Amino acid sequence: MVTAFNEGIGSHRPLILESAQDIMRNTFIRHDDSVDPTGAWPAANRALLVKVRNPRPFTPSHAYVFNGNAVAGNLDIGVYGFTARTQLELLISTGATAQAGISEMQMIALTAPVQLPAGDLVLALSLANTGGRTSKRNTLAALTYYERLIGLAQRESAHPLPASISSVTAPTSGINDPPIFGVMERLF
């Protein structure tokens, strides 16, 4: 599970929930900070879900994704909350948005911001096709053994992101290099 960063008592920095920033550090897996590879999305309409811990309630103003060396089609970034142990409810989403900006961070303003509660949440990213690429954290060890421990999952037929999710599966591909995406409280 990933914990939000840039947060501290009395901090004036914005709170950020991100998918890949600390995954490897939190699971004690070596990684190379100098390389962020780019890779095609593993399957059309697939959503990757990452469990995160939000330290305090906050209202994100933007979602973001680090695009790779090709962009195509639409993406959707969202945050789910737990309504039951295995039921997820979509709290906030960008909706289907054109992927734009080769090899750069794409910022998407959230038009209907919602306050996210403290506690466990799930970040989700889906792409409509396999032509779009995302920048990914380059890991030097496979994460397949750790995927459930750190809360990684996938959902098929999930673009745009559905209002609720009741079942997910362990990722079948793309897990060695999780995409970098998230939501932030405000721009720097």
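All of the numbers you see were taken from the coordinates with simple rules; none came from a lab. What you see is a predicted model, and the numbers here were worked out from it, not measured in a lab. Neighbour counts run over all protein chains shown; Cβ positions are idealised from the backbone, glycine included.
So the values come out like this:
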| quantity | calculated |
| --- | --- |
| For peptides 47-58, 87-98, 121-132, sequence by mean Cβ density within 10 Å, most packed first | 121-132, 47-58, 87-98 |
| Amide H within-cut-off set for L116, under 5 Å, with H built and near neighbours excluded | F58, T59 |
| Residue-span extension gain [A100 to T59] - 0.36 nm each, minus C-alpha spacing | 12.3 nm |
| Placed amide H near G95: partners under 5 Å, 5+ positions off or other chain | I77 |
